[in-house]
Structure formats: C-alpha cells, structure tokens
Amino acid sequence: MENGTKNIFENGATWLRADFHLHTKADKEFSFTGNENEFCRLYIEKLKEQNINIL
C-alpha cells in the first residue's frame, strides 16, 4: 500500500469498467420518475452497483 491506498496494479494489469456515454434526466431518451433531489445519489449508487468506476 502506498500512502494508505491500495495499488490496483500491484500484480500487473487489471480490467476497469468505464462508461463514456452517460445519460441524464435532461436527455429525451431518459426517464426518471423519482424524487428530483435524489437523482444524483441514485445515479451514483447504480454506477457503483454495476462496478463502473470511470465516467
């Protein structure tokens, strides 16, 4: 561990999941019916749930 953080490349290369095409509630193809104030939190939770760490 360097500076108290885990080195994800400790054993060489590793696969990272990324999403470079994100939709928001402003997109016409996107539908969000939940609480407007919860949108960002729920969006980030779903990304974490899918193990997507690069946006």
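The values are calculated or read from the model by the stated rules, or taken from the named source; none is laboratory data. Quick caveat: nothing in here was measured; it's all calculated off a predicted structure. All Cβ positions, glycine included, derive from the backbone under ideal geometry; neighbour counts span all protein chains shown.
So that you can scan it fast, the table gives a plain yes or no per residue for (1) part of a helix (DSSP H, G or I); (2) surrounded by 10 or more Cβ atoms within 10 Å (Cβ to Cβ):
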residue	(1), (2)
His21	no, no
Phe30	no, yes
Thr33	no, no
Arg41	yes, yes
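Evaluation of Phe30 against the conditions (1) at pLDDT 85 or above; (2) in contact with a His (Cβ under 9 Å, 6 or more places away or on another chain) shows that the sole unmet condition is (1).
In summary, Lys25 fulfils each of the numbered conditions (1) surrounded by 10 or more Cβ atoms within 10 Å (Cβ to Cβ); (2) modelled with pLDDT of 80 or more with the single exception of condition (2). If you go through region 1-19 and keep only what is of a type in the set (A, V, I, L, M, F, W, C) and part of a loop (DSSP other than H, G, I, E, B), you end up with Met1, Ile8, Phe9, Ala13, Trp15, Leu16.
Every condition in (1) modelled with pLDDT of 85 or more; (2) surrounded by 10 or more Cβ atoms within 10 Å (Cβ to Cβ) is met by Glu49 except one, and the failing one is (2).
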